[in-house]
Amino acid sequence: NVFYLSTNAKGCNVTAPWRAYKKGALFANPCYTQIHPTCIPQAGDYQSKLTLMSESLRNDGRVWVPKKKGDTREPAHIPDAERDYYLERKYPSFGNLAPRDISSRSAKEACDDGRGVGPGGLGVYLDFADAIKRYGKVGAADGLTESEVIKRGEAVVKEKYGNLFDMYHQITGEDAYKRPMRIYPAVHYTMGGLWVDYNLMSNVPGLFVLGEANFSDHGANRLGASALMQGLADGYFVLPY
């Protein structure tokens, strides 16, 4: 909760490790913090967490902000020439699939520069319009109208990401098939935990610490995606012994 809002609920407050710490258990790696680039931006002071959107969306969505500072026009009214597809511009070999830290930092830089979108200017667009048109033309006969192409394309995007688009609509009230999503980086993982030895025992004799509660594998890399692997490994292979 040191970050106030993160992708974790306010109730995820590390109660058990903190109680163990007060009994003498040691912490390790508290400095590791993962920032996730694809989250729904904060919309008001009523929220207790930020919602994580899958990074798979960046396979087809194009990230952009207006080139002009303080441009509050609707995204559909901003011509392509007046948009900054900044990941494609800065990292052409990776484009919208640039690594998380680069994508997060670049979004913050654009917003710090006054080109952010949405409430408070803390957001960038994740736009599926080009993907919808592209998918709509695949295998299509000549002579389709633009609306028919879009309808076909939306069906493909819905098949790939429909649950995420539904979740976005429920939270924001916006239709991401018609209007670009707004995303912004959010604190996702804090990777520290209680110190353990190779047998997963803390420095308190007899106190074993499993999964994300300990400091080990999920604190040893930047992504933190190994937290799931660690929970499985600890539970299936270490705990029984």
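The values are calculated or read from the model by the stated rules, or taken from the named source; none is laboratory data. In this text the structure is predicted, and so the values were computed from the model without any measurement. Don't worry about glycine lacking a Cβ; one is built from the backbone with ideal geometry, like all the others, and counts go over all protein chains shown. Each accessible area value is taken on the protein alone, full model and side chains, heavy atoms only, with ligands, DNA and RNA left out. Shrake-Rupley method; radii C 1.70, N 1.55, O 1.52, S 1.80 Å.
Here's the yes/no breakdown for (1) of a type outside the set (A, V, I, L, M, F, W, C); (2) touching an Asp or Glu at 6+ places or on another chain (Cβ under 8 Å):
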| site | (1), (2) |
| --- | --- |
| VAL124 | no, no |
| ALA131 | no, yes |
| LYS137 | yes, no |
| LYS151 | yes, no |
| VAL196 | no, no |
| PRO205 | yes, no |
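Residues in the stretch 125-148 that are of a type outside the set (Gly, Ala, Ser), over 23 Å from GLU74 (Cα atoms) and in contact (Cβ under 8 Å) with a residue 12 or more places away in the chain: TYR135, LYS137, VAL138, GLU148. Just checking, does the stretch 193-204 include any residue being crowded, with 21+ Cβ neighbours inside 10 Å, in contact (Cβ under 8 Å) with a residue 12 or more places away in the chain, within 30 Å of PRO240 (Cβ to Cβ) and of a type in the set (Gly, Ala, Ser)? So far as the stretch 193-204 goes, yes, one or more of its residues are crowded, with 21+ Cβ neighbours inside 10 Å, in contact (Cβ under 8 Å) with a residue 12 or more places away in the chain, within 30 Å of PRO240 (Cβ to Cβ) and of a type in the set (Gly, Ala, Ser). Total residues in the stretch 129-146 satisfying the condition of being charged (D, E, K, R) and at pLDDT below 85: the figure is 1. Only residues that are within 22 Å of GLU74 (Cα to Cα) and open to solvent by 60 Å² or more (accessible area, probe 1.4 Å) were counted in the stretch 152-166, giving 1. Evaluate the stretch 2-17: report whether one residue or more is among the aliphatic types (A, V, I, L, M), part of a helix (DSSP H, G or I) and out of contact with any helix residue (DSSP H, G or I) (no Cβ under 7 Å at 6 or more places or on another chain). No. For the stretch 9-47, filtering for residues that are open to solvent by 90 Å² or more (accessible area, probe 1.4 Å) and more than 22 Å from TYR168 (Cβ to Cβ) leaves 8. Listed conditions (1) crowded, with 18+ Cβ neighbours inside 10 Å; (2) modelled with pLDDT under 95; (3) under 30 Å from ARG105 (Cα atoms) are all met by GLY231, apart from (1). When the stretch 205-220 is filtered for residues that are open to solvent by less than 60 Å² (accessible area, probe 1.4 Å) and under 28 Å from the mean Cα position of the chain (by Cα), the ones remaining, listed by number, are VAL209, GLY211, ALA213, ASN214, PHE215, SER216, HIS218, GLY219. Among the residues of the stretch 112-151, those identified as buried (at least 21 other Cβ atoms within 10 Å of the Cβ), of a type in the set (A, V, I, L, M, F, W, C) and outside any loop (DSSP other than H, G, I, E, B) are VAL124, LEU126, ILE132.
Tally time: how many residues in the stretch 20-70 are in contact (Cβ under 8 Å) with a residue 12 or more places away in the chain and more than 27 Å from TYR161 (Cβ to Cβ)?
Selection size over the stretch 20-70: 17.
For the stretch 60-96, the set of residues classified as within 17 Å of the chain's Cα centre (by Cα) and either loosely packed, with under 14 Cβ neighbours inside 10 Å or in a strand (DSSP E or B) (or both) consists of ARG62, VAL63, TRP64, listed by residue number. Is it the case that the stretch 168-187 has a residue that's open to solvent by 40 Å² or more (accessible area, probe 1.4 Å) and closer than 16 Å to ASN59 by Cα? Yes, the stretch 168-187 contains a residue that is open to solvent by 40 Å² or more (accessible area, probe 1.4 Å) and closer than 16 Å to ASN59 by Cα.
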